[in-house]
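**Student:** Just passing along the structure, written as structure tokens.
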Ligand SMILES: NC(=O)c1ccc[n+]([C@@H]2O[C@H](COP(=O)([O-])OP(=O)(O)OC[C@H]3O[C@@H](n4cnc5c(N)ncnc54)[C@H](O)[C@@H]3O)[C@@H](O)[C@H]2O)c1
């Protein structure tokens with residue numbers, strides 16, 4: 001590590017170098033971000049497809065490229081960040097820890113209990129740091145719920161929900177083909193519940209607890225296009241949607257959904273969170289509302305301010321119930337989005353630019 005005149009925190013000036021493993025769709029973006037970070041003094045890249053690493057080095061003006069993973073571990077980088085395909089992380093993380101590196105990996109941490117146990121052992125043995133980078137920890141809804149819970153506003157949260165609702169048609173076919181080659185269907189069947197982190201991470205990132213038991217129901221796929229086909233899948237998986245109910249260590253319950261075949265505007269809000277507490281509850285309310293199947297393709301949602309299309313007589317968040325006057329939801333009119341009986345003071349403004357274009361969040365006090 002090198003000293004620098006850039007303070008990370010008060011009194012701390014140390015920087016470190018990092019090696020990115022996997023310069024694909026996600027990793028190359030992180031190579032760029034790490035390179036911009038004042039705490040990072042050099043970013044190296046390695047990829048099984050060397051042209052991808054070379055492209056990232058040139059595009060983001062990185063420090064350089066290593067020949068392969070072993071060469072990176074033999075180099076003097078302080079840390080490695082692993083962005084290889086989702087089922088590959090466990091052994092790479094363990095190997096890097098034992099090679100003396102601090103390790104960050106994209107989610108998931110690993111795909112079996114044995115792999116996870118081996119990583120924990122490697123951290124204990126080496127004293128090196130391992131971090132799993134679950135992005136929903138920074139989801140505005142999760143950040144807000146975390147702050148409110150820490151302030152005691154919820155009372156006891158006894159029930160929570162976290163869903164990751166992302167239809168395969170919304171980008172996943174292309175994403176798997178990018179590295180999957182002609183055999184991409186073998187990997188596109190990746191079991192939804194082996195990647196539950198964007199759903200449960202947003203819940204457990206807000207309430208300090210962990211699961212102690214689970215019951216899960218998988219829904220078998222019916223599209224018959226070779227994805228989620230047991231005979232083709234390298235995971236022998238034919239479940240495309242799954243729902244699980246967890247018991248938490250604090251006695252509460254958490255439900256989650258991982259959906260890959262679903263008529264839902266996933267590109268607008270693929271992670272959804274809901275918390276019920278004894279004193280207050282929190283849920284995300286979408287700006288608009290469309291019937292399932294209408295909103296799968298980008299462009300179907302209409303411009304900001306468009307009146308939402310909805311099923312007449314079916315109550316949704318932000319609308320009056322049948323018999324009342326239905327008020328179109330509009331970003332410019334938060335008052336019109338309040339559910340019946342919700343006091344105005346309980347509504348909060350959008351958290352950031354993204355939130356402002358997609359959702360409002362509320363913490364509603366118990367009547
Ligand atoms: N929001 C999020 O947290 C989020 C979003 C997208 C992707 N991800 C995660 O990021 C990871 C990468 O996803 P992606 O879409 O970029 O995949 P990708 O297929 O685009 O890229 C993976 C790259 O890793 C390379 N690679 C594989 N094994 C390697 C090895 N042993 N040594 C060197 N290079 C190797 C491949 O050649 C490929 O270029 C996945 O684990 C995924 O779950 C997380």
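Just so you know, all these numbers are worked out from the coordinates, no wet-lab data involved. The structure displayed is predicted, hence computed values, not measured ones. Positions of Cβ are backbone-derived with ideal geometry, glycine not excepted, and every protein chain shown enters the neighbour counts.
**Student:** Please sort 266-272, 224-230 by packing, taking for each peptide the average over its residues of neighbouring beta carbons within 10 angstrom, highest first.
**Tutor:** Working: 266-272: 19.1, 224-230: 16.6.
Going from most to least packed, we get 266-272, 224-230.
**Student:** Give me the compactness ratio for the stretch 78-179, meaning the Cα radius of gyration over 2.2 N^0.38 Å.
**Tutor:** 1.34
**Student:** Which three extents, in whole angstrom, do the alpha-carbon atoms of the stretch 2-133 cover along their principal axes, largest first?
**Tutor:** Here the Cα extents, ordered largest to smallest, are 41, 39, 24 Å.
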